[in-house]
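> The structure under discussion is supplied below as structure tokens; questions concerning it will follow.
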Amino acid sequence: MNLITMAKLILAKTFKNRIKNGKLDKKRAAALTILESFDLGFVPKRVYWLYSLNNKEVRGGHRHKKVKHALICVNGGCEVSVNNGIDQNKLFKLDRPDKCLLLKPRDWHTMEKFKKGTVLLVLASTNYNPRDYIYEPYKRK
């Protein structure tokens, strides 16, 4: 397994127009954002979301053996700190619903600084397995 690869942020395809009666209605523009399995690098097997979070809360604090994740703040925003054992404490800001953070299995991650009303959607590459979690952080260099 190559530990050099790390989490990466991608922008999902977003369309901001609405069709009404077969014609483009620019007055009623809405946004539609799309992620497909080839964007993620996996087909999601599990979907969950976090909400009712306060800005002092820290979530995550683990890494995985096999599961890959895609994190999307569909509302609000948060910061995600990632450490893959080589690149330590890389910070990603999820502050728009078209940003998607792809986490590799060995990426130690924490989510914090949640804005009011944040809904963090997570797509996972595997079904839940408690034996896949690693709670021991990487040692500091």
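Laboratory data are not the source of any read-out in this text; all were calculated from the coordinates shown. Computed from a predicted model, the values in this text were never measured in an experiment. FYI the Cβ positions are ideal-geometry reconstructions off the backbone, even for glycines, and counts take in every protein chain you see.
> Can you spot the aspartates and glutamates whose alpha carbon is less than 15 Å from Lys104's alpha carbon? Ignore those fewer than 8 places along the same chain.
Counting by Cα, and skipping residues close in sequence, Lys104 has these aspartates and glutamates nearby: Asp39, Asp87, Asp132.
> Figure the gain on full extension for Phe15 and Glu136 (residue separation times 0.36 nm, minus the Cα-Cα span) and round it to one decimal in nm. Walk me through the numbers on the way to the answer.
Working: separation 121, 0.36 × 121 = 43.56 nm, distance 4.12 nm.
Gain on extension, Phe15 to Glu136, equals 39.4 nm.
> Can you give the direction-averaged projected area of the convex hull of the alpha-carbon atoms in segment 71-141, in nm²? Spell out each step's value before the answer.
Working: hull surface 20.9 nm².
The Cα convex hull of segment 71-141, projected and averaged over all directions, gives 5.2 nm².
> GNM, the chain, Cα, under 10 Å: largest mean-square fluctuation among Thr126, Thr33, Thr110?
In the Gaussian network model the winner is Thr33.
> Taking loop as defined by DSSP and a crowding limit of 12 other beta carbons within 10 Å, which GluC sites (Glu not before Pro) in segment 1-98 fit? Please report the intermediate quantities before stating the final value.
Working: sites: Glu36, Glu57, Glu79; in loops: Glu36, Glu57.
Here the GluC sites (Glu not before Pro) that fit, given the DSSP loop and packing criteria, are Glu36.
> Averaging sequence separations of C-alpha pairs under 8 Å and six or more residues apart, then dividing by the length of the chain, give the relative contact order as a whole percent.
Working: 329 pairs, mean separation 47.2, N = 141.
The normalised contact order for the chain reaches 33 percent.
> If I take R0 = 25 Å and measure r between the Cβ atoms of Ala31 and Asn127 in this structure, what FRET efficiency does the formula 1/(1 + (r/R0)^6) give, to the nearest 0.05? Each step should come with its number before you reach the end.
Details: r = 31 Å, r/R0 = 1.23.
Plugging the Cβ-Cβ distance into 1/(1 + (r/R0)^6) gives 0.20.
> For a quick size check, give me the Cα extents of the chain along its three principal axes, largest first, whole Å.
Ordered largest first, the chain gives principal extents of 59, 33, 26 Å.
> Quick one: of Lys16/Lys45; Lys65/Lys93; Lys20/Lys116; Lys13/Lys93; Lys23/Lys93, which pairs are farther than 26 Å apart, Cα to Cα? Write down the numbers at each step before the final one.
Working: Lys16/Lys45 29 Å; Lys65/Lys93 24 Å; Lys20/Lys116 34 Å; Lys13/Lys93 18 Å; Lys23/Lys93 37 Å.
As for pairs spanning more than 26 Å Cα to Cα, those are Lys16/Lys45; Lys20/Lys116; Lys23/Lys93.
> Val74 versus Leu24, label points 7 Å from Cα toward the beta carbon: distance in nm?
The answer from the label model is 2.8 nm.
> Work from the charge dipole of the chain (Cβ charges, +1 for Lys and Arg, -1 for Asp and Glu, about the Cα centre) and give the residue of Ser37, Met6, Tyr138 farthest towards its positive end.
So the residue we want is Ser37.
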